[in-house]
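In what follows, a single structure is set out as structure tokens and then discussed.
The values are calculated or read from the model by the stated rules, or taken from the named source; none is laboratory data. As the structure is a prediction and not an experimental result, all values here were calculated from the model. Here the Cβ positions follow ideal geometry from the backbone for every residue, glycine too, while neighbour counts run over all protein chains shown.
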Amino acid sequence: MFVYGISRRSDLNGNVVYQQWQLYNFVIFISMKETEKKLAFDNLLKQYINFGLPTDGIDEKTDFTIHNLKDIHLDLPFTSPVYRANFFSFVFAKDAHGKYTTDDLCFNTVPGTIYFTNPGHYKSHVWFEIQEAYLITLSESFLKENVHPDVFGEFPFLLAETVQPRVLVPEVFAEFEQLYLQIQNAYISNSPYRTRVIGNLFVVLLLKIKEYFWKDYNPIYEGNRSSQIVKTFKMNLEKHYRDLRSGKAHQVFRLQDYADEQSLHQNYLSNVIKSKTGKAISTWIAEKTIAEAKSLLQNSTTSIKEIAYLLGFSEATHFSNYFKKNTDLSPVLFRKQHSAATS
């Protein structure tokens, strides 16, 4: 498997030129699934400490960071290990060359590139050359508290699974540059309104991203058509209830279990499923549990106590209360009504 890099040099006339080179089996292209040790970080500070990078410009008191990567990566090229970041990252590469991966997809970073990655995915990156490339990171809680309370409703593209980078012409990139430089000025200021200013400027930045890149993005359409996370969740849901009925599993999966199945952060999985299907994971689980219970009550002579056990309930009374809450009928009455209708 080949990997291409960029080196910078001057020609005989003194002009700066870039020369492409390639390596074999470069680490950044190793499949995420083949990597034995996977790191996970809840914020950029922990990530940089682990990578041995400078942390002087990072404010520990906030979940928001912004800086020029040129000030961080003093020795190039730099190759990161595979890791999972449980926060959002936005990269504005005005003049830089590199590559990055998200899950098993790889993308080039060239001058004029803008891209973002969301929490939960395994990723890695390499920088070959940086003159100017700004990185913004922030947590989901910062988004909801300071940007928009319904941030994923207003900006659903933040939950897009495969985010293709965009390369802008200098005139358009300059519009984004003006905004992120204002955000940086607010970040390094001592203003008591610093966080509010950052939040409001970031709203404008997200609106610009939405305008240029994601105007017609429909999360429900992606959920129905191409969302691998949604597809995998539905398959895992079906398989788990088959395992419950066959006795291979004895306890109903919860949110964390389904997140672990895809190596995702539970908050990210929850947001993706709710945004792209219109239903919360708890609703999916409840509907599936009731559907399986109805099937067993209608099509078998299995006792209600045994059905409760098969579906992961420790007590038949807990199952009966759960069933009645969701159907307005007790399991006994539901079975009687079905038997009367078919007799």
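Observations
- First in region 117-143 and more than 30 Å from Glu261 (Cα to Cα), second anywhere and small (Gly, Ala, Ser) and surrounded by 21 or more Cβ atoms within 10 Å (Cβ to Cβ), Cβ under 6 Å, 6 or more apart: Trp127/Gly98; Phe128/Gly98; Ile130/Ala96; Ala133/Ala93; Ala133/Ala96
Let's see how each residue does on (1) modelled with pLDDT under 95; (2) among the hydrophobic types (A, V, I, L, M, F, W, C); (3) surrounded by fewer than 16 Cβ atoms within 10 Å (Cβ to Cβ):
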residue	(1), (2), (3)
Thr137	no, no, no
Val163	yes, yes, no
Ile188	no, yes, yes
Phe202	no, yes, no
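- Number of residues in region 140-159 that are under 22 Å from Thr65 (Cβ atoms) and either surrounded by 15 or more Cβ atoms within 10 Å (Cβ to Cβ) or assigned by TED's automatic domain parsing to the domain that holds Lys231 (or both) equals 12.
- Within region 58-104, the set of residues being farther than 15 Å from Ile130 by Cα and either β-branched (Val, Ile, Thr) or not assigned by TED's automatic domain parsing to the domain that holds Val203 (or both) comprises Ile58, Thr62, Thr65, Ile66, Val82, Thr101, Thr102.
- Test: Lys70 is more than 27 Å from Lys144 (Cβ to Cβ) and assigned to a helix (DSSP H, G or I): yes
- The test for being out of contact with any helix residue (DSSP H, G or I) (no Cβ under 6 Å at 6 or more places or on another chain), at pLDDT below 85 and surrounded by 14 or more Cβ atoms within 10 Å (Cβ to Cβ) does not hold for Ser227.
- Residues of region 265-299 that turn out to be touching a helix residue (DSSP H, G or I) at 6+ places or on another chain (Cβ under 7 Å), within 29 Å of Ser141 (Cα to Cα) and either among the aliphatic types (A, V, I, L, M) or in the same structural domain as Phe87 (by TED's automatic domain parsing) (or both), as a count: 6
- Some residue of region 134-148 being within 22 Å of the chain's Cα centre (by Cα) and within 20 Å of Pro77 (Cα to Cα): yes
- Restricting Phe107, Phe152, Phe128 to residues that are under 25 Å from Thr195 (Cβ atoms) and of a type outside the set (S, T, N, Q) narrows the list to Phe152.
- Which listed residue, of Tyr268, Tyr258, is hydroxyl-bearing (Ser, Thr, Tyr) and touching a residue at least 40 places away in the same chain (Cβ under 8 Å): Tyr268
- Summed over region 238-263, residues that are over 24 Å from the mean Cα position of the chain (by Cα), assigned to a helix (DSSP H, G or I), surrounded by 12 or more Cβ atoms within 10 Å (Cβ to Cβ) and not basic (Lys, Arg) total 3.
- Of all residues in region 92-106 being modelled with pLDDT under 95 and surrounded by fewer than 19 Cβ atoms within 10 Å (Cβ to Cβ), the one that is nearest to Leu44 (Cα to Cα): Asp103
- Per-region count, region 88-118, residues out of contact with any Asp or Glu (no Cβ under 7 Å at 6 or more places or on another chain) and part of a loop (DSSP other than H, G, I, E, B): 5
- Residues (modelled with pLDDT of 90 or more and over 19 Å from the mean Cα position of the chain (by Cα)) located in region 204-224: Val204, Leu205, Leu207, Lys208
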